[in-house]
Protein chains: 2
Amino acid sequence: MTLDTKHITFTGRMVIVGFGSIGQGVLPLILRHIGITKDQITIVTAEERGHAEADELGVKFINLPLTRENYAQVLEPMLGKGDFLVNLSVDVSSVALFEFCHKVGALYIDTCVEPWAGGYTDPSLSPSLRSNYALRETALSHRAAFEGGPTAVLTHGANPGLVSHFVKQALLNVAADTGESTEVPKDRAGWGALAAKLGVKVIHIAERDTQVSNEPKKVGEFVNTWSIDGFVGEGCQPTELGWGSHEKHFPADGRRHEFGCDAAIYLMRPGASTRVRTWTPLEGPFHGFLITHSEAISIADYYTQRDGNHVTYRPTVHYAYHPCDDAVKSVHELAGKNWYMQPSQRLMMHEIVSGTDELGVLLMGHKKGIYWFGSRLGIDEARALVPYNNATSLQVTVAVLAGIVWALENPNRGIVEPDEIDFQRILEIAKPYLGELVGAYGDWTPLQDRERLFPEDIDHDDPWQFKNFRVA
Amino acid sequence: MTLDTKHITFTGRMVIVGFGSIGQGVLPLILRHIGITKDQITIVTAEERGHAEADELGVKFINLPLTRENYAQVLEPMLGKGDFLVNLSVDVSSVALFEFCHKVGALYIDTCVEPWAGGYTDPSLSPSLRSNYALRETALSHRAAFEGGPTAVLTHGANPGLVSHFVKQALLNVAADTGESTEVPKDRAGWGALAAKLGVKVIHIAERDTQVSNEPKKVGEFVNTWSIDGFVGEGCQPTELGWGSHEKHFPADGRRHEFGCDAAIYLMRPGASTRVRTWTPLEGPFHGFLITHSEAISIADYYTQRDGNHVTYRPTVHYAYHPCDDAVKSVHELAGKNWYMQPSQRLMMHEIVSGTDELGVLLMGHKKGIYWFGSRLGIDEARALVPYNNATSLQVTVAVLAGIVWALENPNRGIVEPDEIDFQRILEIAKPYLGELVGAYGDWTPLQDRERLFPEDIDHDDPWQFKNFRVA
């Protein structure tokens with residue numbers, strides 16, 4: 001695979017819904033790596049942002065916000081059998097769009113299961129129903145009816161998405177390095193058995209974004225390296241995590257859902273207010289935000305082992321996210337305003353002067369302690385690889401590209417989650433764009449350096465308990 | 001008072017111990033406003049920082065760290081009867097220095113009661129003994145013996161210091177605006193009675209520093225607008241607050257000291273890990289860090305009303321500090337490293353491009369709800385007023401200047417705290433350097449916009465309970 005490999009030829013129509021940082025970033029990749037011409041593509045989006053970029057690439061740009069009322073009418077002339085809808089929007093229901101695609105026979109991909117506008121913070125919904133768990137259960141409830149129908153790839157960005165493939169590669173690496181069988185499991189049961197056998201108790205999606213700009217954040221401005229609406233939306237959803245079978249201390253503010261797979265729990269507070277201890281090889285120990293993401297649930301669910309109805313093994317899985325420094329500051333300000341979004345937003349792009357996005361999965365509790373596997377992508381490298389991207393967006397956009405290619409290669413799979421996709425094919429397509437793809441062991445645990453100044457409520461017997469990770 | 005008023009003439013020797021941001025910032029003010037020549041002054045400090053600035057002003061600079069072992073020997077030839085020690089150091093015991101001054105007959109001032117190196121984080125000391133409460137009690141234990149001796153002004157910077165004078169002016173303003181008696185109280189009992197009569201339940205020292213630079217913070221760097229050693233030291237001390245008589249919910253992690261005045265409590269956690277809701281007129285609501293400071297204790301103590309041994313009135317008093325954005329980020333990183341200081345530090349000075357330090361006192365619970373009174377000083381104005389300062393340091397340095405002048409005018413008062421000093425004289429001296437000195441009422445309470453997304457554990461009956469301010 002090189003930077004000019006054409007992975008597949010596509011002769012249908014492609015509609016890209018939403019054209020923010022990810023839409024703009026993925027378009028050059030699609031044109032570069034898929035046999036497609038620019039006149040096959042139409043962008044439908046809710047604002048003028050990206051119009052100049054679309055014009056520069058010669059792709060049709062329609063500024064027309066999709067709503068509950070108009071989406072079918074707008075999309076109907078644009079999509080039919082074998083066409084492709086790439087959903088990179090916010091505030092447009094994923095379920096509505098993939099149902100539409102199923103009806104007309106089009107393929108579909110998104111990077112998160114998005115509700116209609118306001119769904120993340122609708123006070124008339126219970127916290128349980130504002131969760132990604134509920135959104136995922138709703139989406140998956142269509143699975144049986146869609147079986148064998150046009151492929152609809154759910155939640156295939158960096159995370160959720162790419163990290164599910166990282167987990168599989170990481171499990172194989174840990175197996176090899178600890179002398180366990182290294183045969184590649186063939187199905188869900190096999191992967192779950194491998195994770196259980198290795199003793200992986202906790203998986204963090206551990207990310208440290210060090211990108212900085214020399215344009216200081218203003219008071220009343222939310223600054224981030226990717227979609228601010230997207231980040232604030234998920235940051236205001238309940239904290240959610242896959243809840244492992246080894247956990248002994250159910251959080252006082254934790255709740256179980258009263259429906260669905262039961263692989264995850266939620267806390268009665270926004271994810272952007274919940275901090276956890278985690279670790280990456282370049283940064284060492286740090287505090288991340290426990291932002292809800294679909295992968296926390298899908299991975300926990302996928303690796304669950306059962307004896308009848310009894311869960312015998314499940315890892316605790318969650319995102320532990322240190323966004324760029326300006327976003328940390330923006331979250332602090334947002335919390336101070338009781339989660340009312342700042343009046344202005346800035347997506348950091350050209351003004352970034354340095355930094356790396358270190359994004360990977362951290363497998364903990366196995367024989368060698370902890371193992372991080374993931375991508376280290378610097379801003380300069382990201383810029384050199386493809387236009388309209390930074391280090392953060394490129395990790396997402398290349399996963400969208402890979403998901404599109406896989407869907408085109410597997411067009412009749414119905415609804416699929418990342419964990420159900422061929423991880424080797426995805427990594428093969430994504431690899432040229434991930435910078436340094438590395439694995440690293442460490443001896444860190446969340447008990448390291450604790451209680452130096454004050455006694456703390458921790459479980460000394462098992463370092464891998466969630467209560468030890470959580471920052472109180 | 002103008003920018004060239006000579007407030008007093010001083011013919012003795014002056015030793016400045018410590019020459020960081022405050023030392024460098026106050027020296028031009030001393031030379032401008034006190035009748036003193038540069039050859040009367042000697043700087044004794046622990047590093048080369050500031051050497052060029054001292055040379056430029058023609059003041060003798062000695063790089064010689066003071067220690068428990070050498071301080072008396074070093075200072076003995078430099079200080080005698082009627083001389084002045086200005087202690088602006090870190091890691092040098094305030095008690096050791098003012099005892100020395102008392103012995104030789106010299107005047108003394110500092111901006112906080114500092115222990116010898118490591119005292120803030122010495123794990124062999126209990127949290128109670130690492131507190132500012134303990135440091136204050138130790139310092140005040142010398143008061144009786146020093147009565148009528150050379151004046152030793154304790155903790156007279158911006159805060160602690162200036163804010164005690166702001167509280168008095170604010171009380172008079174609220175009294176006038178709510179139709180209460182506006183006679184200026186003559187003593188401690190009178191001030192306490194006024195605060196009680198007005199119904200002031202809570203006083204925050206509410207500060208929002210918006211200064212920013214265009215040089216982004218590096219990973220592993222602590223950036224601040226004033227002493228980083230000072231901020232990290234106090235940030236790692238226990239959270240401390242004056243504990244008001246209206247409080248109904250003693251914090252689960254709260255502790256009372258087993259000695260002393262009992263006006264304050266501490267929490268079993270670092271102040272830099274404790275966030276509280278607060279408000280300033282320009283910023284509106286925000287989250288500040290509840291960093292321990294001597295004023296939280298001295299103000300609560302000073303305004304306490306008793307009936308025999310029974311406390312009938314005491315306000316809850318604490319600092320609620322939003323440092324500059326880069327310091328917020330630095331604190332997040334410091335917490336992630338379990339309070340081990342970053343390997344590099346940067347005091348933001350010339351690279352500041354904009355911002356204001358909005359520092360004042362927020363009086364809450366009276367008839368008009370909330371009233372903030374304080375200083376709004378912009379970086380450009382601070383730079384125009386005096387060299388070697390930014391908006392944050394100037395609010396401190398002018399208070400040091402005013403404290404020195406007051407001590408020279410009142411040379412035989414023994415040990416005094418800010419609350420015991422003539423607030424009108426101090427404000428008169430400081431005013432030309434405080435930017436806009438303003439008072440503003442507001443209708444904010446810590447219950448505003450709460451429980452929008454999730455239920456919270458709050459006291460709806462009394463908005464002014466500490467549990468409502470604290471960010472859980």
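So the values come out like this:
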read-out	value
Scan of region B:251-288 for residues that are closer than 18 Å to A:GLN342 by Cβ, assigned to a loop (DSSP other than H, G, I, E, B) and of a type in the set (D, E, K, R), ordered by number	B:GLU283
Residue identified as surrounded by 22 or more Cβ atoms within 10 Å (Cβ to Cβ) and either in a loop (DSSP other than H, G, I, E, B) or within 11 Å of chain A (Cβ to nearest Cβ) (or both) among B:ILE203, B:ILE297, B:ILE291	B:ILE291
Selection count, region A:236-251, where residues are within 11 Å of A:ALA296 (Cβ to Cβ) and free of Cβ contacts under 8 Å to residues at least 40 places away in the same chain	0
Filter pass, B:TYR441 being of a type in the set (Ser, Thr, Tyr) and on the phi > 0 side of the Ramachandran plot	no
Selection within region A:275-310 - of a type in the set (S, T, N, Q) and in contact (Cβ under 8 Å) with a residue 12 or more places away in the chain	A:THR278, A:THR280, A:THR292, A:SER294, A:SER298, A:THR304, A:GLN305
Output for region B:335-380, where each listed residue is hydrophobic (A, V, I, L, M, F, W, C), part of a strand (DSSP E or B) and under 23 Å from B:GLU234 (Cα atoms)	B:LEU347, B:LEU359, B:VAL361, B:LEU362
Of residues in region A:235-247 being away from every other protein chain (no Cβ under 11 Å) and of a type outside the set (A, V, I, L, M, F, W, C), the one nearest to A:VAL311 (Cα to Cα)	A:SER245
Within region B:1-98, helices (runs of 4 or more DSSP H) holding 3 or more residues that are of a type outside the set (Val, Ile, Thr) and in contact with a helix residue (DSSP H, G or I) (Cβ under 7 Å, 6 or more places away or on another chain)	B:21-33, B:71-75
Members of region A:67-106 found to be over 24 Å from A:ASN410 (Cα atoms) and of a type in the set (A, V, I, L, M, F, W, C), listed by number	A:ALA72, A:VAL74, A:VAL90, A:VAL92
Selection from region B:363-391 of residues that are closer than 30 Å to B:ALA196 by Cβ, basic (Lys, Arg) and either surrounded by fewer than 19 Cβ atoms within 10 Å (Cβ to Cβ) or out of contact with any strand residue (DSSP E or B) (no Cβ under 7 Å at 6 or more places or on another chain) (or both)	B:LYS367, B:LYS368
Where B:TRP339 falls short, out of the listed (1) touching a residue at least 24 places away in the same chain (Cβ under 8 Å); (2) touching a His at 6+ places or on another chain (Cβ under 8 Å); (3) within 13 Å of chain A (Cβ to nearest Cβ)	(2)
Qualifying residue in region A:49-58 (condition: in contact with a Lys or Arg (Cβ under 6 Å, 6 or more places away or on another chain) and hydrophobic (A, V, I, L, M, F, W, C))	no
Enumeration of residues in region B:343-371 that are β-branched (Val, Ile, Thr) and away from every other protein chain (no Cβ under 14 Å)	B:VAL361, B:ILE370
Test result for A:VAL331, assigned to a helix (DSSP H, G or I), β-branched (Val, Ile, Thr) and in contact (Cβ under 8 Å) with a residue 60 or more places away in the chain	yes
Residue that is nearest to the other protein chains (Cβ to nearest Cβ), among those in region A:413-449 that are buried (at least 21 other Cβ atoms within 10 Å of the Cβ) and among the small types (Gly, Ala, Ser)	A:GLY435
Matching option when the condition is among the acidic types (Asp, Glu) and in contact with a helix residue (DSSP H, G or I) (Cβ under 8 Å, 6 or more places away or on another chain), among A:GLU417, A:GLU456, A:GLU436	A:GLU417
Restricting region A:257-280 to residues that are away from every other protein chain (no Cβ under 13 Å) and more than 17 Å from the chain's Cα centre (by Cα), the residue that is surrounded by the fewest Cβ atoms within 10 Å (Cβ to Cβ)	A:GLU258
Candidates B:PRO238, B:PRO160, B:PRO185, filtered to the one that is surrounded by fewer than 24 Cβ atoms within 10 Å (Cβ to Cβ) and either under 25 Å from B:VAL471 (Cα atoms) or out of contact with any strand residue (DSSP E or B) (no Cβ under 6 Å at 6 or more places or on another chain) (or both)	B:PRO185
Which listed residue is touching a strand residue (DSSP E or B) at 6+ places or on another chain (Cβ under 9 Å), more than 21 Å from A:LEU107 (Cα to Cα), among the aliphatic types (A, V, I, L, M) and part of a helix (DSSP H, G or I), from A:LEU408, A:LEU394, A:LEU453	A:LEU394
Residue tally, condition crowded, with 24+ Cβ neighbours inside 10 Å and either assigned to a helix (DSSP H, G or I) or of a type in the set (S, T, N, Q) (or both), over region A:303-325	2
Filtered residues of region A:103-121 (kept if touching a Pro at 6+ places or on another chain (Cβ under 8 Å) and surrounded by 19 or more Cβ atoms within 10 Å (Cβ to Cβ))	A:ALA106, A:LEU107, A:TYR108, A:THR111, A:CYS112
For A:PRO28: the one exception among (1) surrounded by fewer than 23 Cβ atoms within 10 Å (Cβ to Cβ); (2) over 19 Å from A:SER393 (Cα atoms)	(2)
Any hit, region B:309-316, residues being more than 14 Å from chain A (Cβ to nearest Cβ) and among the basic types (Lys, Arg)	yes
Among the candidates B:ARG452, B:ARG376, residue that is modelled with pLDDT under 95 and within 14 Å of chain A (Cβ to nearest Cβ)	B:ARG452
Test result for A:TYR133, buried (at least 22 other Cβ atoms within 10 Å of the Cβ), aromatic (Phe, Trp, Tyr) and assigned to a loop (DSSP other than H, G, I, E, B)	no
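Residue-wise test of (1) aliphatic (A, V, I, L, M); (2) more than 13 Å from every other protein chain (Cβ to nearest Cβ).
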position	(1), (2)
B:VAL174	yes, yes
B:GLU207	no, yes
B:ASN214	no, no
B:LYS218	no, no
B:ASP229	no, yes
B:GLY233	no, no
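Yes/no matrix, rows are residues, columns are (1) within 14 Å of another protein chain (Cβ to nearest Cβ); (2) part of a loop (DSSP other than H, G, I, E, B); (3) in contact (Cβ under 8 Å) with a residue 12 or more places away in the chain; (4) within 19 Å of the chain's Cα centre (by Cα):
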position: A:VAL113; (1), (2), (3), (4): no, yes, yes, yes
position: A:ALA117; (1), (2), (3), (4): no, yes, yes, no
position: A:SER124; (1), (2), (3), (4): yes, yes, no, no
position: A:SER128; (1), (2), (3), (4): yes, no, yes, no
position: A:GLU137; (1), (2), (3), (4): no, no, yes, yes
position: A:PRO150; (1), (2), (3), (4): no, yes, yes, no
position: A:ASN159; (1), (2), (3), (4): no, yes, yes, yes
position: A:ALA170; (1), (2), (3), (4): no, no, yes, yes
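The values are calculated or read from the model by the stated rules, or taken from the named source; none is laboratory data. Computed from a predicted model, the values in this text were never measured in an experiment. So basically every Cβ, Gly included, is an ideal-geometry build from the backbone, and we count neighbours across all protein chains shown.
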